[in-house]
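Colleague: After the structure tokens below, expect a handful of questions from me.
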Amino acid sequence: MATKANIIKVYAQADSAKKVDIIIRYYPNFMGIVESYTDGLRYMIENEKAFNKQANRGELGVRVQAKGNHSDITGNSAVASVMTREALVACDFSGDVLEGVDRQEEFKQEAFTLRTMRLDYELFNQQLGILGEEESEVFRQFIRGEKGLQTIAEDKGIVYESAQQRIHRAKRKIKVQMVGFLDGNIGGM
């Protein structure tokens, strides 16, 4: 399995068809990947803030103490505007939540990619409805890894090849619909 960072990177650069393929391939773990990478991104942002704040505090502390004053002005305030997970998920960079962060643009871009991945995943789940209730459930079970083609064939009383065709048709139908939406076509397809 590809690393989480690689999946995020590939997703960010993928065309619409490839994005749908990634959602289907990693469907059972897709949101887990997005969520854990979001938490990792927040951790990196806060660490960079804290590190830069500490470095600045050290320099200022030496200057202030040299004048006989032992109060460290920057030390008296907490790390400015700790970025909440909710703000990161919403890509809310208002105020000074990224103050003291050197790689602001890089982090913003990653946050926007993660938000896009969330929205695409939600759209994908909504579009499963076009398959109809029964087909949607069978397709979900397949992409979640709960049922393989052989089990689907046995459950439906059909041959393996028919189950394979059924899943292939469902995947193609969803992919066409999703690509349409991701490419900005009103109504999908």
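Colleague: From the P(r) of the stretch 4-182, could you give the percentage of C-alpha pairs in the tail past 26 Å?
Modeller: Beyond 26 Å sits 49 percent of the P(r) for the stretch 4-182.
Colleague: Going by average Cβ density within 10 Å per residue, which order do the peptides 168-174, 103-109 take, highest to lowest?
Modeller: So the order, starting with the most tightly packed, is 168-174, 103-109.
Colleague: Another question about this same structure. With respect to the cross-link table entries Lys4/Lys173; Lys147/Lys171; Lys18/Lys173; Lys19/Lys108; Lys9/Lys173, which display a Cα-Cα separation exceeding 22 Å?
Modeller: Table pairs above 22 Å Cα-Cα are Lys4/Lys173; Lys9/Lys173.
Colleague: From the backbone phi of the stretch 17-27, what are the Karplus-calculated ³J(HN,Hα) couplings (6.51 cos²θ - 1.76 cosθ + 1.60, θ = phi - 60°) in whole Hz, Gly and Pro given as x?
Modeller: The phi angles translate into 4, 5, 4, 5, 4, 5, 4, 5, 4, 9, 3 Hz.
Just so you know, all these numbers are worked out from the coordinates, no wet-lab data involved. No experiment lies behind these values; they were computed from the predicted model shown. All Cβ positions, even for glycine, are placed from backbone atoms using ideal geometry, and neighbour counts span all protein chains on display.
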